[in-house]
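Engineer: Mind having a look at this structure? Questions to follow.
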Amino acid sequence: MGEVAISLKVTPQGPEIDLDDIEEKIRDEFPVEDSSKEEIGFGLTALKILVVRDEEEGGTDDIENYISDIEGVTSVEVEGVSLV
C-alpha cells in the first residue's frame, strides 16, 4: 500500500481568528507536510494544508471532523486527494 496526499482548505469564522493556532492544533493530530495561507477577500484568509498518510488509514472523514470541531473554524474543504 502507498501513501495518500490530502489537500484541505480551512476557512476561519473571521479575520480575527489566529490561523497559526488552528494549524498547530491540526499538526498535533495529523502529519502536516506543508501549509500556506490564501487570501479570500474582505480581510479573510484561509489556511491550506497538505496531510500525507498511509492509504490504509481510510478516507478524509476523521480529518475533516477533527478540523471542523476546532473553535474558530467555519468550514473545511477537501481540494484534492492523490496517491504519492
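Rule-based calculations on the coordinates, nothing more; no lab input. Everything quoted here is computed from the prediction, not taken from an experiment. A quick note on method: Cβ atoms are made from the backbone with ideal geometry, for glycine too, and the neighbour counts reach across all protein chains shown.
Engineer: So which of 26, 22, 70, 63 is surrounded by 15 or more Cβ atoms within 10 Å (Cβ to Cβ) and assigned to a loop (DSSP other than H, G, I, E, B)? It would help to see each step written out before you state the result.
Structural biologist: On the way: 26 fails: assigned to a loop (DSSP other than H, G, I, E, B); 22 fails: assigned to a loop (DSSP other than H, G, I, E, B); 63 fails: assigned to a loop (DSSP other than H, G, I, E, B).
Result: 70 is the single residue among 26, 22, 70, 63 that is surrounded by 15 or more Cβ atoms within 10 Å (Cβ to Cβ) and assigned to a loop (DSSP other than H, G, I, E, B).
Engineer: Only one of (1) in a strand (DSSP E or B); (2) within 23 Å of residue 14 (Cβ to Cβ); (3) not aliphatic (A, V, I, L, M) fails for residue 34. Which number is that?
Structural biologist: In the conditions (1) in a strand (DSSP E or B); (2) within 23 Å of residue 14 (Cβ to Cβ); (3) not aliphatic (A, V, I, L, M), residue 34 misses (2) alone.
Engineer: Here is a further query. Kindly check whether there is at least one residue in the range 42-59 that is of a type outside the set (Val, Ile, Thr), surrounded by 13 or more Cβ atoms within 10 Å (Cβ to Cβ) and farther than 14 Å from residue 6 by Cα.
Structural biologist: Yes, the range 42-59 contains a residue that is of a type outside the set (Val, Ile, Thr), surrounded by 13 or more Cβ atoms within 10 Å (Cβ to Cβ) and farther than 14 Å from residue 6 by Cα.
Residue-by-condition table, conditions (1) among the acidic types (Asp, Glu); (2) free of Cβ contacts under 8 Å to residues at least 24 places away in the same chain:
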residue: 15; (1), (2): no, no
residue: 24; (1), (2): yes, yes
residue: 30; (1), (2): no, no
residue: 41; (1), (2): no, yes
residue: 45; (1), (2): no, no
residue: 51; (1), (2): no, no
residue: 55; (1), (2): yes, no
residue: 61; (1), (2): yes, yes
residue: 67; (1), (2): no, no
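Engineer: Go through (1) touching a Leu at 6+ places or on another chain (Cβ under 6 Å); (2) buried (at least 17 other Cβ atoms within 10 Å of the Cβ) one by one and return the number of the condition residue 2 breaks.
Structural biologist: (2)
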